[in-house]
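Okay, so here's the structure we're looking at.
The values are calculated or read from the model by the stated rules, or taken from the named source; none is laboratory data. Keep in mind the model is a prediction, meaning the values are calculated, not measured. Every residue, glycine as well, gets a Cβ built from its backbone with ideal geometry; the counts of neighbours run over all protein chains shown. We work out accessible area using only protein heavy atoms, side chains counted, and drop any ligands, DNA or RNA first. Shrake-Rupley method; radii C 1.70, N 1.55, O 1.52, S 1.80 Å.
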Amino acid sequence: MPPKLTPMMQQFFDVKNQYPDAIILFRCGDFYETYDKDAEIASEILGITLTKRSCKDADAPAMAGFPHHALDTYLPKLVRAGLRVAICDQLEDPKLAKKLVKRGITELVTPGVSTNDNVLDVKENNFLAAVHLTKQQAGVSFLDISTGEFLVGEGTFDYVEKLLNSFAPKEVLYEYGKRRDMEALFTAKFHLQEQDD
């Protein structure tokens, strides 16, 4: 992080620290802005211009943004790329704000829990999976929140991997601290999300 931050950039980094694994879409007036590493990722995925807040400051964070009315165009692209997206909106009218506009996360969109018609593919399920590992076997559940379909299974690691491959979940949840086990046991690459107890 740059040593001297404006109050707004400090606000952004405070939000980013709460959601470090998400791309933050930070509402600034009529635009959603991304900053720093989020801006680099968003620029590449969305095909939008990467710039800086201040051309004179070499340490200024990178920046990329789009008009707020284009959210339904750009949000699906980020989610389909397997990213978690936290939408940080202005929580008060900027005209009434005494100093810095109050902002907060109003929606957290992940590949497995999106119900947005622009994100979903109507021809396939949008499963969210959860895996529980024991020493000898695993349990798995699949939930499609767009249809309400819920399935569970348990068995050997090979059996659970076959289920994961068959159902092709958009996101896989697992216990905190088990990432190495998940990556070692299951060769297929899924969008993994570590969950606290």
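The packing ranking of peptides 166-178, 144-156, highest mean first, is 166-178, 144-156, where packing means the average number of other beta carbon atoms within 10 angstrom of each residue. For LYS102, a cut-off of 27 angstrom between C-alpha atoms picks up these lysines, skipping any fewer than 8 places away in its own chain: LYS4, LYS16, LYS37, LYS52.
Between GLU154 and GLU107, 0.36 nm times their residue separation minus their Cα-Cα distance comes to what?
Working: separation 47, 0.36 × 47 = 16.92 nm, distance 3.24 nm.
Length gained between GLU154 and GLU107: 13.7 nm.
Once percent of Cα pairs over 22 Å apart is worked out from the coordinates, which option in [x] 55; [y] 45; [z] 52 does it equal? The calculated read-out lines up with [x]. The mean sequence distance of close C-alpha pairs (under 8 Å, at least 6 residues apart), as a share of the length of the chain, puts its relative contact order at 14 percent.
The H on the amide N of ILE145, modeled in the peptide plane, is under 5 Å from the matching H of LEU128, each at least 5 residues off or on a different chain.
Spacing of the modelled spin labels on PHE167 and TYR19, each 7 Å from Cα toward Cβ, amounts to 2.6 nm.
Seen from every direction in turn and averaged, the convex hull around the alpha carbons of segment 89-182 projects onto 8.9 nm². Averaging 1/r across all pairs of distinct Cα atoms in segment 1-107 and inverting the result yields a Kirkwood radius of 14.1 Å. D for segment 32-91, whole µm²/s, Stokes-Einstein with Kirkwood Rh over alpha-carbon pairs at 20 °C and 1.002 mPa s: what number? Answer, rounded: 178 µm²/s. Within the chain, what whole-number % of the accessible surface is contributed by carbon and sulfur, with the 1.4 Å probe and all protein chains included in the calculation? The value for the chain is 50 percent carbon and sulfur by accessible area. Computed extension gain for GLU40 through ALA184, at 0.36 nm per residue and net of the alpha carbon distance, reaches 48.9 nm. Rolling a 1.4 Å probe over the protein heavy atoms gives the chain an accessible area of 59 Å² per residue.
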